[in-house]
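**Q** I am attaching a structure below and will ask some questions about it afterwards.
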Amino acid sequence: MKKIKIILTQLLLLACCAAVAVIPPSSKKKITSRFIGVWELASMEGPDGQTYHAHAGQLKCFETNGNYRFLFVSNGGTVVTQQGSFKVVSDKMYAENIEFSTNPNLRNVSSPVTFAFVNEDTLQLSGSVNNVPFQEKWVRVKMPAM
């Protein structure tokens, strides 16, 4: 009887942990919808802990179909520097699957990315790709009022 009680207690604890760790699909859709749009890189933190302002024109586009693209826009034109897919896996993390990159070392690489919405128009991302850590701040690009 005592063994059954211990086993049931362990199962109950496991079920509670699983319920907390998994967010419902409707919540994932709601979180995913917050990403959709065009974001411009505002700043990044270097390995020395210093914050560096990004050059204008570095854009990340999250699409409704689960794809994303990095674009670099300059006077010379626009270049797709990376593209792949993303999937929200929790309320603080998404999986990024890089399918193409101008950096050959990043092609066909998957990595978890930690995110936090500071507000609806500011997104902080951090993670590591091929053991290279990153911390970035992105600002939503808005269309001017017509």
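**Q** Per residue of the stretch 49-62, what does 6.51 cos²θ - 1.76 cosθ + 1.60 with θ = phi - 60° give for ³J(HN,Hα)? Whole Hz please, x for Gly and Pro, Karplus curve as stated.
**A** Here the 3J(HN,Hα) series is x, 7, 8, 10, 6, 7, 5, 4, x, 9, 10, 10, 10, 9 Hz.
**Q** Here's another thing I want to ask about it. Expressed in nm to one decimal, what extension gain is obtained for the pair ASN105 and THR78 from 0.36 nm per residue of sequence separation less their Cα-Cα distance?
**A** 7.5 nm
**Q** Report the trypsin sites (Lys or Arg not before Pro) located in the stretch 51-98 that are in a DSSP loop and have at most 11 other Cβ atoms inside 10 Å of their Cβ, or state none.
**A** none
**Q** So if we plug the beta-carbon distance of THR51 and SER85 into 1/(1 + (r/R0)^6) with R0 = 25 Å, what FRET efficiency do we get, rounded to 0.05?
**A** 0.30
**Q** Pull up all non-local amide H partners of VAL89: gap of 5 or more, or a different chain, and H-to-H distance under 5 Å with H placed in the peptide plane.
**A** Sorted by chain and number, the residues that satisfy this are TYR94, ALA95.
**Q** Residue separation times 0.36 nm, minus the C-alpha to C-alpha distance between PHE117 and MET143: what's the value?
**A** Contour length minus the Cα-Cα distance gives 7.4 nm.
**Q** Another question about this same structure. Please state, to two decimals, what the Cα-based radius of gyration of the stretch 25-140 comes to when divided by 2.2 N^0.38 Å (N = residues). Walk me through the numbers on the way to the answer.
**A** On the way: Rg = 13.7 Å, N = 116, 2.2 N^0.38 = 13.4 Å.
Compactness ratio reported: 1.02.
Every read-out reported here was derived from the displayed coordinates using simple, explicitly stated rules and does not represent laboratory data. Predicted, not measured: the structure shown is a model, and the values here were computed from it. Cβ: placed from backbone, ideal geometry, glycine included. Neighbour counts: every protein chain shown.
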